[in-house]
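A quick write-up on the structure given underneath.
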Amino acid sequence: MSRMAAGALRQGASLNHGRGGGEDEAAPDWAALHVDLMQLIAARVLATGGFLDYLRFRAVCLHWRASTASPRGRGLLDPRLHPRRWMLFPEGFGRFPGHRLDGGHARFFDLSAAGAFVRVPIPELKNHCVLDSPDGLLLLQRDRDTDVRLLHPFTGDVAEFPALDCLAHQLHNLENELTVDPWYNINNWLYNTARFLHQGRKVCAAVNVTAMGAVTVMLALERIGRVAFASAGDDEWTISSWKVTQLDRVLSYQGKLYMVNWEDGLTHVSLIDPPVPRWEGEGLMPALTLPPPRKVATCSSEEIYLPYLVELDSEIMLVGYNDGSFSRIVVLKLADLVLGSTVPVINIRDHVLFAGARSLCVSSSWLPSIGDNSIICFHAGENYLAQYHLSTGSWLPAGDGHLMLSPPPRPCSLIHHIFACCNRQFCEQRIDVLLQN
């Protein structure tokens, strides 16, 4: 399809098949395809190629553009239009999104084999900070009132959500009880709402779009152990009645949250589904409620130790160590664990997995210094940014400098930029400044 789309569209051209009388046969007029066929092809492009291929498809000619739906106005409502393979590119350590040197623009990097960079005007970054980037969308917090907004960076579509201040107050009321001393209550409220506001910014978000077109955001509050959710236009967040002890290794995938934790020598992978309606009485509108996490797989910590979750070709992988010696990396498929199998994956082909607080899968074609079938992670035993080759079992430094102690030497490599995106501590300078003000 991409080759066809890239070719010239010449009406009235002919092909000479060299038969007998040398008759000419008219070439297919690709610009005059039937609208129904165009829409069917467009749906296949969206399903297999994603957002960028769909834009290229519509740009072929005026007829193709007029026969297919514009992504503008549908960028949030149609999950197929979410730019999943695009990453907000961190410009450098301490240069947060929205920095004045960027002039109201931001760069995005295509994680697939295309490896393209695009520079997009996003004026919202001048007075918003980025909380997370689920499915390539931007979850923003407005500076002046902490209102939360979900932005499609390429279409400009925006959905409005309740403020983080509201969430902090709700968490205070949920986690603390009033006393008879009013001054203690006031001081306690001021302290805890400020603390919850800071902790509430450490989130992993998932976006779910219902069949009725309602856009719902779930926030895994990593430092609090709860999950909050709200639909676009809601006045306040709804907080889970349940609480978990480990919520720092979470993967957002297809509108759901997957989490990994370990206890008593076992590693558990659990799934947090989107909120479901609950009917509270006849004639009343259903209220959304968040079901508790349900375990989908369990294995021994001797089979994989301290794993992260990462998506690879629409499959969820567990990337961890062999044991407490941190001598080898082990990769397991979640689908195999669900079936009771623990066969390690030894070949991820032309991919590089970045494992950390956020995990990413990147095409190795744009990382020639690393090569395919590799893992990039912060070595837990020796405290340096390392690359591990699955085939040979060898460890090598992934870049110059000691990343966790100080910024690496300039110019930074692409590896440093991507790893900075996986670890929010390198991009939180603006949030810290906002808190001080």
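Just so it is clear, none of the values below were taken in a lab; they were calculated from the coordinates. Bear in mind the structure is a predicted one, so any value in this text is a computation, not a measurement.
Structure data summary
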{"quantity": "Tensor-based shape of the range 254-329 (alpha-carbon gyration tensor, a/c under 1.5 rounded, otherwise prolate or oblate)", "calculated": "prolate"}
{"quantity": "Mean separation of Cα contacts under 8 Å, 6 or more apart, over the residue count of the range 36-140: relative contact order %", "calculated": "20 percent"}
{"quantity": "Gyration tensor (alpha-carbon) shape descriptor, the range 310-401, a/c threshold 1.5", "calculated": "oblate"}
{"quantity": "Relative contact order [Cα under 8 Å, 6+ residues apart], the range 104-176, whole percent", "calculated": "18 percent"}
{"quantity": "Relative contact order for the range 236-318, counting Cα pairs under 8 Å that sit 6 or more residues apart, in percent", "calculated": "26 percent"}
{"quantity": "Shape of the range 81-172, Cα gyration tensor, a/c cut at 1.5", "calculated": "prolate"}
